[in-house]
Structure formats: structure tokens, C-alpha cells
Amino acid sequence: MIKYILRRILHLIPVVIIISICIFGIVKLTPGNPIGSNLDPRATAEEKAEEMRRLGYDKPIPVQYWNWAKRSVRGDFGESYLYKKPVSKVIGDVLWNTFILNVVVFILAFLLAIPIGIISAVKQYSKTDSFWTLFSLFGISMPSFFFGLLLIYGFAVKVQWFPINGMINPGTRTVGLARALEIGHHMVLPAIVLIISSLASLVRYTRTGMLDVLSQDYIRTARSKGLKEKVVIYKHAFRNALIPIVTLVGFYIPGLFSGAVILETIFGWPGIGRVLVDAINNRDYNLMMALMMFFSILTLIGNLLADIGYALVDPRVKVDGR
């Protein structure tokens, strides 16, 4: 297993290099430049040219990429033109905010989806199965931004049970448990939207996986031997039904940090998704490239963990160092 992981990591190195070249090239092809955001609107052509030289934009594109890549390997992603501070500082300030929101959603969605999916599959075509099928179709079909706006209007504007946006109340300096409760109060509405949309797809995947496994011959054989239904479901069927869930876990890991871009903007949650939108709107190239590389590497790590999960869950999958 260790040899397999090391071999996969070595294979990821050229992939990361190719991704970095693509990201750098795409960003450079976008119209406009960030020069104006650093200068006075009345800046002269000479001042703009000097700013271009200072930022290194007067050099050929391959030279710019090489300089950026060398700095990035050392953890220096340059300065954010929008926030006027190092990119690593900007990301570090909001990384934990996004993680808090999404890790809660991640845990709750999986804890709820797996038993619900199993029950729906075991009680196929029952009222319980019909309800969760309709729920899944609703959650998958309903646009998250629209559902979020409905919750804001109903619970933040009308009844005023929850704040409209932000993570803490302006001007407050709560600490400890009081601060945690305040953050949790602000988190309720965006978390509901994310949980419903995540739960809908996870329930469908779990149900479909269980139905496929329950139709296999070895399940019928286990039942014919007189094994208890709980043993058949949770010991023999559930492990193989976990394979599609393992795939989803690999895809969800990048989401723990990338966050829900649209929802963070709607709810004013100070996370990475909102920072990425601001960076794109203001052509903050350094911040854009750092975030996109961060998300790309997380996606590759998620895929690697999913492959490892296959070997742990499914004994038919053989992993070796060759």
C-alpha cells in the first residue's frame, strides 16, 4: 500500500505541472489587467509602464510563468492587488471560515444519507422510499442560490430568527462558547441549503448502490442460509454498497475548502468562495492563480484518497507497488 501511494504521488507531479501551466495561461488570456487597481485613475502612461515593470508583466509569458512557479514552490504567491497583502495571508484569513461551514455539512450529510439510503433501498417502493425519492429530486432540482434567497426572505427578513449575512455580528467581541454560538447562529441558513443539496445526491447514490448489491446472488445465498436480515444488510451488503460513497468522499474533500462559491456570496460568509469571486471580478491574478492551484491539488488528493478507499472497502481491488 505504501509503495502504491508513493508511486501515485510521483505520478501526480507532472499532472500538477501541466495544471499550473494551463491555469497560468488561462489567467493571462483573460482580458484586462490589474495595473489600474494599484494606481491612481489619473496615473500617466509612464507610471503604468513602471508598475508593469515592477510586477514583472513586461517580461515574456514563459519567463513570467517560471518566476511565478519558483515563488509558488517556496510558498510565496505574491501580493494580492485587491487586499494589498500577501496572498498566503489572504487565504489563511478565510480558510478556516470555509472549513468550519463545510465540515459541519460534510459530517451531517454523510451521517444522515447512509442510513436513509439503506432504509430506502431495503423498503423499496414503500412510503418512506417514496418520500426520500421526492426529497432527493427536490434537493437536486432546486437551485441552491434560489433556495438560499427563500430562506433569507422567510427566516432572516420576515421572522428575523437568523442574521441575513456574515459570520459574526458587527462590533461584537465575544470569545469562547459565546463566540461559537454566535458563529453557529449565522451558520444555520447556509448550512441548511448545503445539507439539503448534499443529502439529496448522497441518498440517491446510497440507495442505488444498496439496490444493486441486494440483487446479487451472494445476498440471496446469505438469506437462504437463514442469516438474520440485519446481518445480511449491514455485514454483507453494506460494505460493497460503500464503493460509490467512497468515490463521493474523494470529490467532497476539495469542497471542504473550496466551499459553495455562490452561497458564500449570497449569505456574505467570509470564506474562500467569496474571496475567489472578488478576485475574479477585480482581476487579482496572483490570488486567482493561488486559489485555483489550491483547489486543483485538493482534487488530486481527493482522487488519491478515493483510490485508497476502494482497496480498503472492496477486497476485490488489489493494490501493489508495481
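The values are calculated or read from the model by the stated rules, or taken from the named source; none is laboratory data. Note that the structure is a prediction, hence the values are computed from the model and not measured. No Cβ is skipped: glycine too gets one built from the backbone with ideal geometry, and neighbour counts run over all protein chains shown.
Residue by residue, here is whether (1) within 25 Å of residue 252 (Cα to Cα); (2) crowded, with 16+ Cβ neighbours inside 10 Å holds:
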residue	(1), (2)
53	no, no
94	yes, yes
100	yes, yes
103	yes, no
108	yes, no
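Looking across the range 53-87, the residues that are part of a helix (DSSP H, G or I) and of a type in the set (Gly, Ala, Ser) come down to 69, 72. Taken as a whole, the range 209-217 holds no residue that is in contact with a Phe, Trp or Tyr (Cβ under 8 Å, 6 or more places away or on another chain) and under 30 Å from residue 150 (Cα atoms).
Residues checked against (1) of a type in the set (Val, Ile, Thr); (2) more than 23 Å from the chain's Cα centre (by Cα):
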residue	(1), (2)
151	no, no
158	no, yes
165	no, no
168	yes, no
174	yes, yes
219	yes, yes
222	no, yes
232	yes, yes
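Against the definition (polar (S, T, N, Q) and under 29 Å from residue 201 (Cβ atoms)), how does residue 67 come out, yes or no?
Numbers: polar (S, T, N, Q): yes; under 29 Å from residue 201 (Cβ atoms): no.
For residue 67, the condition - polar (S, T, N, Q) and under 29 Å from residue 201 (Cβ atoms) - is not met.
Looking across the range 7-25, just one residue is surrounded by 11 or more Cβ atoms within 10 Å (Cβ to Cβ), over 28 Å from residue 60 (Cα atoms) and either among the small types (Gly, Ala, Ser) or free of Cβ contacts under 8 Å to residues at least 40 places away in the same chain (or both), and that is 11. Only one of the numbered conditions (1) surrounded by 12 or more Cβ atoms within 10 Å (Cβ to Cβ); (2) on the phi < 0 side of the Ramachandran plot; (3) part of a loop (DSSP other than H, G, I, E, B) is violated by residue 166, and that is (2). If you go through the range 10-47 and keep only what is polar (S, T, N, Q) and at pLDDT below 90, you end up with 30, 33, 37, 38, 44.
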